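I have placed the structure first, in the form of C-alpha cells, so that the comments after it can refer back to it.
The values are calculated or read from the model by the stated rules, or taken from the named source; none is laboratory data. Remember, predicted model here, so these are calculated numbers, not experimental data. Ideal geometry is used to build each Cβ from the backbone, glycine not excepted, and the neighbour counts take in all protein chains shown. Accessible surface areas use protein heavy atoms only, side chains included; no ligands, DNA or RNA. Shrake-Rupley method; radii C 1.70, N 1.55, O 1.52, S 1.80 Å.
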Amino acid sequence: DQPLVFDMSYDVNMSKRELENTVSQLMEVEGCNRRATEPFHLHFCNLQPDGAYMRELLKRYSSETWDRLLITSSDRQHVDLFPCDQLVYLTADSPNVLRTFDHSKVYIIGAIVDRSIQPGLSLANAKRLKLATARLPLDEFLRWGTGAKNLTLDQMMRIMLTLKETGNWDEALKQVPTRKHDGFHKHQPQKISENRVKGLKKA
Ligand code: SAM
C-alpha cells in the first residue's frame with residue numbers, strides 16, 4: 001500500500017487542549033482509512049515513546065488496540081525512513097500547487113491542530129529538511145471566502161483517500177465543508193489559465 005505519513009513532531013507547539021483535539025482527529029483519520037476501499041499504509045513518524053502524543057494516544061486506545069491498528073509508528077523522522085525525493089510535505093503555506101495525485105509519492109501531513117493559527121510552521125519544517133512542498137488547489141477549484149485554508153486532519157485524510165481512488169479533484173474537494181466556501185468555480189481552472197495566457201499574448 002502507498003504510505004501516508006503523519007508528522008508527530010508538533011506536540012511542543014500545542015496546548016493540552018489542542019493536542020487532545022489532534023488525537024481525536026487522528027482517531028477519525030485511522031477509522032476512515034480502515035474503512036476505505038483503497039487504504040493507505042499510515043505512518044506516524046517522530047512519535048516519541050514517552051512524549052505527550054503517545055501519552056494521549058494511549059489514554060484513548062488501550063495498548064492492545066493500539067498494537068492492532070494498521071499504523072506503523074516510529075520515533076524516527078520521515079527522512080530516515082523514505083527516500084527524500086519521494087517525500088512531499090503538504091502545507092497550506094506552500095507556493096506550489098498539488099495538481100495531480102502521484103501514487104509513487106509519500107505525502108506528509110503535519111499532525112497539528114492550531115486554534116490560533118501559527119502560519120508557516122509545517123512549511124518551515126519542510127524547508128529545514130529540504131523537502132518538496134505542495135498545497136491543495138483550494139483557490140483553483142472553489143470560490144473561497146476569507147477563511148483560513150488550513151483543513152483538519154480528518155478532512156485531509158478524506159481528500160487524500162478520494163484522490164487516491166478517483167484522481168478527481170472535483171470529487172475530492174467535496175470533502176471540504178461547504179460553510180468554508182461558496183461553491184465550485186464554473187470553469188475548470190486549466191481552461192481559465194489557458195484563456196489568461198491567450199489574453200496576455202494578445203496584449
Ligand atoms: N499552521 C499549521 C501549519 O503550519 O501547517 C496548520 C496545520 S493544519 C490544521 C494540519 C495539517 O494539514 C498541515 O500541517 C498540512 O499538512 C495539512 N493541510 C491543511 N490544509 C492544507 C492545505 N490547504 N494544503 C495542504 N496541506 C494542508
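Inclusion of Asp85 among residues that are of a type outside the set (Phe, Trp, Tyr) and either under 23 Å from Ala148 (Cβ atoms) or open to solvent by less than 60 Å² (accessible area, probe 1.4 Å) (or both) is not warranted.
For Ile117, are the conditions met, namely being aliphatic (A, V, I, L, M), in contact (Cβ under 8 Å) with a residue 24 or more places away in the chain, near the ligand (Cβ under 8 Å from one of its atoms) and surrounded by fewer than 16 Cβ atoms within 10 Å (Cβ to Cβ)? Against the criterion (aliphatic (A, V, I, L, M), in contact (Cβ under 8 Å) with a residue 24 or more places away in the chain, near the ligand (Cβ under 8 Å from one of its atoms) and surrounded by fewer than 16 Cβ atoms within 10 Å (Cβ to Cβ)), Ile117 qualifies.
When the range 62-97 is filtered for residues that are under 19 Å from Asp7 (Cα atoms) and either in a strand (DSSP E or B) or near the ligand (Cβ under 10 Å from one of its atoms) (or both), the ones remaining, listed by number, are Ile71, Thr72, Ser73, Leu87, Val88, Tyr89, Leu90, Thr91, Ala92, Asp93, Ser94.
Restricting the range 120-136 to residues that are more than 9 Å from the ligand (Cβ to nearest atom) and of a type outside the set (Gly, Ala, Ser) leaves a set whose member that is least open to solvent (accessible area, probe 1.4 Å) is Leu131.
Quick one: would you say Lys105 is touching a strand residue (DSSP E or B) at 6+ places or on another chain (Cβ under 7 Å), at pLDDT 95 or above, closer than 20 Å to Leu42 by Cα and among the charged types (D, E, K, R)? In short, yes.
Are any residues in the range 11-29 touching a helix residue (DSSP H, G or I) at 6+ places or on another chain (Cβ under 9 Å) and within 21 Å of Met160 (Cα to Cα), and if so, which ones? Correct list: Thr22, Val23, Ser24, Gln25, Leu26, Met27, Glu28, Val29.
Within the range 99-114, the set of residues being within 6 Å of the ligand (Cβ to nearest atom) and assigned to a loop (DSSP other than H, G, I, E, B) comprises Ile112, Val113, Asp114. Take the residues of the range 138-155 that are near the ligand (Cβ under 9 Å from one of its atoms) and not polar (S, T, N, Q): which is surrounded by the most Cβ atoms within 10 Å (Cβ to Cβ)? Checking each candidate, the answer is Leu153.
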